[in-house]
Amino acid sequence: MGVLRPAVAYFGAVFAVAFVIGMVRVLVLAPHLGAVLAVALEVPIILIWSWFVAGWVLLRWPLDVLQRVGMGALAFGILMIAELGLSVLLFGQTAGGFVSGWGTLPGALGLTGQIGFAVVPMLRQGNG
């Protein structure tokens with residue numbers, strides 16, 4: 001069994017919720033709490049959601065551990081492309097600006113969460 005469908009399903013379900021939470025972070029939390037605290041609050045919520053989504057996906061598409069690694073890696077790649085696209089198209093950033101954002105504390109926290117998103121399927125099994 002391939003990992004494309006599970007990876008796309010995992011990415012899509014997590015990204016949809018993360019997009020909404022990210023808007024709340026940027027528009028509501030960050031102006032009042034600061035970018036670092038806002039991201040620090042967002043990341044665990046997204047990782048918990050990722051855990052549940054990965055369980056659901058793996059119930060639908062049971063994968064062995066190597067396939068789950070592939071699922072997470074592919075979902076991460078799709079996520080990075082989507083994040084870059086949004087950064088360029090919606091926020092007018094350059095690709096270099098997108099990458100250099102990881103050098104800030106909020107950017108590093110966000111990237112750590114995104115790497116966690118990639119690792120969750122490897123750790124998760126489809127047992128609900």
_Calculated over the range 69-128: convex hull of Cα atoms, volume per residue (Å³)_ = 92 Å³
*Which number comes out as Rg/Rh for the range 12-128 once both Rg and the Kirkwood Rh are worked out on C-alpha atoms?*
0.99
*Identify the chymotrypsin sites (Phe, Trp or Tyr not before Pro) of the range 1-106 meeting these criteria: DSSP loop state and at most 10 other C-beta atoms within 10 Å of the C-beta.*
none
*asked:* As I understand it, the dipole of the chain uses +1 on the Cβ of Lys and Arg and -1 on the Cβ of Asp and Glu, about the Cα centre. Which of 92, 106, 12 lies farthest toward its positive end?
replied: 12
_For the chain, built as a Gaussian network whose Cα springs stay under 10 Å, the top-fluctuating residue of 97, 113, 72_ = 97
*Just the number, please: carbon plus sulfur as a percent of the accessible area of the chain, 1.4 Å probe, no ligands or DNA/RNA counted.*
77 percent
*Alpha-carbon centroids, the range 39-55 and the range 84-128: separation in whole Å*: 13 Å
*Which whole-number value in Å² is the accessible area per residue of the chain, probe 1.4 Å?*
56 Å²
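The values are calculated or read from the model by the stated rules, or taken from the named source; none is laboratory data. Since the model is a prediction, treat every value here as computed from it, not as a measurement. Counting neighbours? That spans all protein chains shown, and the Cβs are built from the backbone with ideal geometry, glycine included. Just the protein is used for accessible areas: all its heavy atoms, side chains included, with ligands, DNA and RNA removed. Shrake-Rupley method; radii C 1.70, N 1.55, O 1.52, S 1.80 Å.
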